[in-house]
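Everything on this sheet refers to the single structure shown next.
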Amino acid sequence: MIYTKRQYITRYLGLSKALDTAIKHLLSQDLSQLSNGRNPIDAEEVFVNRFGYETMPEEKAAWEGHSQYADMHVLLSGRERIGVSNVNELKQTQSKPEEDFVGYEGPVSAFFPMTPEDVLIVFPEDAHMVKVQDGAPTRVEKACYKIKV
């Protein structure tokens, strides 16, 4: 997992070709101009999904994980908390390989506050609980990069 400010994201260049592609895209594009849904970058290696939602109390939020992709979460507006736990600390409840989705249940090890200045990259070992409100419910607009690992 990587949690950093956008201004420091270049420190992570060189870790992998696909991550480099995502970081360079983040730094060179106006993410507010992305279409809702999937936006291609490098075929199946790197793409970015843009979407929006209302944050919710932790007890209503759900875990997700992936086996084929890392997620790089970047908020365009709003604020939320993202919970993260190692998959070995949770109970797997679902698996949809065709969607690269794994569901889990269990406790959150740590919450990471997210604003438009923050970047959170979670890898397959990092289950994550998104859409958790930070205080009151808030509208969030987000870009989530999918990075093949």
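The values are calculated or read from the model by the stated rules, or taken from the named source; none is laboratory data. Nothing here was measured: the structure is a model prediction, and the numbers come from that model. Note that each Cβ is placed from the backbone with ideal geometry, even for glycine, and that neighbours are counted across all protein chains shown. In case anyone asks, the SASA skips ligands and DNA or RNA and just uses the protein heavy atoms, side chains included. Shrake-Rupley method; radii C 1.70, N 1.55, O 1.52, S 1.80 Å.
Observations
- Selected residue (only one of 106, 135 is farther than 20 Å from residue 67 by Cα and open to solvent by 10 Å² or more (accessible area, probe 1.4 Å)): 135
- Looking across region 82-129, the residues that are in contact with a helix residue (DSSP H, G or I) (Cβ under 9 Å, 6 or more places away or on another chain) and outside any loop (DSSP other than H, G, I, E, B) come down to 83, 102, 104, 111, 118, 119, 121, 126, 127, 129.
- Hits in region 74-103 (condition: open to solvent by 40 Å² or more (accessible area, probe 1.4 Å), of a type outside the set (S, T, N, Q) and farther than 25 Å from residue 139 by Cβ): 89, 91, 96, 97, 98, 99
- Residue 64 being under 17 Å from residue 124 (Cβ atoms), at pLDDT 95 or above and of a type in the set (D, E, K, R): yes
- Options 10, 4: the member that is outside any helix (DSSP H, G or I), modelled with pLDDT of 95 or more and among the β-branched types (Val, Ile, Thr): 4
- Annotation: of all residues in region 46-71 being polar (S, T, N, Q) and open to solvent by less than 60 Å² (accessible area, probe 1.4 Å), the one that is farthest from the chain's Cα centre (by Cα) is 55.
- Any hit, region 33-45, residues being open to solvent by less than 70 Å² (accessible area, probe 1.4 Å), farther than 25 Å from residue 138 by Cα and in contact (Cβ under 8 Å) with a residue 12 or more places away in the chain: yes
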